[in-house]
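To keep things clear, I will list the structure first and then write my remarks on it.
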Amino acid sequence: MIENRLRKTAIMTGIFVVLSLGVMFFRAATKDVIIAEAGEEVAAKIEDAREYELKIQAPTTSKGNGSLVIPLESGVSSDSITFEERHGLHQFVLYVKGKDPEFYAKNGVVTDLICIQKATFSPLGDSGLVCLKFWLDGLYENSTSLGDGEIVVNFNAPSGDYENVVVIDPVDELGLKMIPYIKNAFQGDESVKLYFTTLDDAEVGAEALASLINDSGADFYVQLGIDETVESDAGVRTYFNDRFFIRGFGNVELADKLEMSVAENSGNKALGLSSSYKENEKLTTSKIPSAFVTIGNLNNRVDHDKLSKDSYIEKCAKGVAEGIRNAFEAVNPADASAEDDALQGIING
C-alpha cells in the first residue's frame, strides 16, 4: 500500500517537474511573454506619489527603433508587471514590482517614437513597486512582450476593424467600481471593443472625450455612476441626450436597453428614462447614441445600503454589459444578413 502511494507521488512529482520545465523553456525560447492588464488591487492611486522625469534615450542599436524598450531589474518576471491603458487621457501606465525603488532614477527608456511626449516614474512606497507613466499624442493600442531584462512595447493607431465600439465613462467612485466587473463580462468577447475614459478619479473633459469618441470610431457612449435626487426615489434611472435626434437607434433606445438590463440584473426598480440635465456637457454634446446609467440614489436609505455592497455593484455591471450587447443586437440583428441573402435569392430567381 505504502509503496503504491510512494510510486504515485513520484509519478506526479515527475509530471509536475516536466510541465514546469516546459513552461520555463517555452518562456526562455520565445522571450515573448505577454504582460497582464492591471487589476484593481494593483492599480493603486498615485495622486499623492511624487512623479519624477523618466529619461528617454535615442536608440544606439536596433533596440528602440519603432518601439519602446523599458529596462528591468534583474529577477523581475512577467508576474511582477502589469499595465493600464488610460484612453481618455492618452496615457500608457506600467506597474513594475522590483527591489530598488530608485532603479528608474538611474535607468532610462530607449525609443525613437515621436508619439511619446513625456514619461515619468513614481515609487509607490518602499516595497519596490514603481509606476511608469507615458503620455502619448493620441489614441493608441499597445502590445507588450518581455525579453531579456526588458519590456518591449509597440503602439499602433486603432485599426478600425472593430464592428462594435463603446466608450465607457465612469463619472464617480461607484462608476469606477463597476469597471473591473464590466471588463470581466466582456472577457474573451472580441465582438465588442471597450474604451474607458479613465480608470481612476482623474477628470476627463468634454473636449478630450470628443477626441476619444472620434479617434476610436465609437458607436455608443455610456456614462456610469449614481444619482442624488429626492429621498423617495429608489432604483435605477437612466438619462439620455435629448439635444440631438438620431434616426433609427438613438439616445432613447440605448438608454432603454441599458435601463431594462441593469434593473433586471440588479433586482432594483426601474425608475424610467429622463432627459439629461444641461450641466452634463459631455452627454448633451455627444453626437452618437449616449446615455447615463445611475445605479441608485445616494439620498435613499435602501439604495445607499445596496451601493455599499460589491455584489450589487457586480450585478449592475453585468446589466450594463448585457444592455450594451442588446443594443448592438438591435442595431445589427444577427439574422439580418441571412434575410438579405434570402431576399437576394428571390430577386435572382
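Each value in this text was obtained by applying a stated rule to the coordinates, not by laboratory testing. Keep in mind it's a predicted model, so treat the numbers as computed, not measured. Neighbour counts are summed over all protein chains in view; Cβ atoms, including those assigned to glycine, are modelled from backbone coordinates with ideal geometry.
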Task: Farthest toward positive dipole pole in the stretch 164-331 [+1 Lys/Arg, -1 Asp/Glu at C-beta], among F328, F220, V165 - done: F328
TODO: Taking the Cα centre of the stretch 36-156 as origin, sum charge times position over the Cβ atoms of Lys and Arg (+1) and Asp and Glu (-1), and report the length of that vector in debye to the nearest 20.
DONE: 340
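So if each residue of separation counts as 0.36 nm, and I subtract the Cα-Cα distance between D242 and E190, what length gain in nm does that give? Let's see the in-between values first.
Working: separation 52, 0.36 × 52 = 18.72 nm, distance 3.11 nm.
Residue separation times 0.36 nm, minus the Cα-Cα distance, leaves 15.6 nm.
Taking the number of other C-beta atoms within 10 Å as the exposure measure, put I295, I56 in order starting with the fewest.
On the way: I295 30, I56 18.
Listing I295, I56 from fewest to most nearby Cβ atoms yields I56, I295.
With an 8 Å Cα cut-off and a minimum separation of 6 or more residues, compute the relative contact order for the stretch 164-331 in percent. Spell out each step's value before the answer.
Values: 338 pairs, mean separation 50.0, N = 168.
RCO, the stretch 164-331: 30 percent.
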- [ ] Can you tell me how much longer the chain between Y52 and E264 gets when fully stretched, taken as 0.36 nm per residue apart minus their C-alpha distance, in nm with one decimal?
- [x] 71.6 nm
Open item on the list: What are the ³J(HN,Hα) couplings of the stretch 196-202, residue after residue, when phi is run through the Karplus curve with 6.51, -1.76, 1.60 and θ = phi - 60°? Round to Hz, x for glycine and proline.
Closed with: 10, 5, 7, 10, 9, 8, 5
Task: Phi-based couplings in Hz for the stretch 88-103 (Karplus 6.51, -1.76, 1.60; Gly and Pro marked x) - done: x, 9, 6, 10, 10, 10, 10, 10, 10, 9, x, 10, 10, x, 9, 4
Task: Ranking of T60, T284, T198 by count of other Cβ atoms within 10 Å, fewest first - done: T60, T284, T198
TODO: Between D201 and D310, with labels modelled 7 Å along Cα→Cβ, what's the label distance in nm to one decimal, could you check?
DONE: 2.0
Task: Order of L129, L94 - criterion: other Cβ atoms within 10 Å of each residue's Cβ, fewest first - done: L129, L94
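Given R₀ = 51 Å, what would the calculated FRET efficiency be for N214 paired with S62, taking r from the Cβ atoms and rounding to 0.05? The partial results should precede the final answer.
Values: r = 35 Å, r/R0 = 0.69.
Using R0 = 51 Å, I get an efficiency of 0.90.
Remind me, relative contact order of the stretch 226-272 in percent, using alpha carbon pairs under 8 angstrom and six or more residues apart? Write down the numbers at each step before the final one.
Details: 39 pairs, mean separation 23.2, N = 47.
In percent, rounded to a whole number, it is 49.
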- [ ] Just grab the label-to-label distance for A330 and S143, each label 7 Å out from Cα along the Cβ direction, in nm (one decimal).
- [x] 3.7
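Apply the a/c threshold of 1.5 to the C-alpha gyration tensor of the stretch 36-156 and tell me whether it is rounded, prolate or oblate.
Values: a/c = 1.42, a/b = 1.17, b/c = 1.21.
Rounded, because the longest to shortest axis ratio a/c is under 1.5.
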- [ ] Beyond 23 Å, what share of the Cα-Cα pairs of the stretch 164-331 is found? Please give it as a whole percent.
- [x] 31
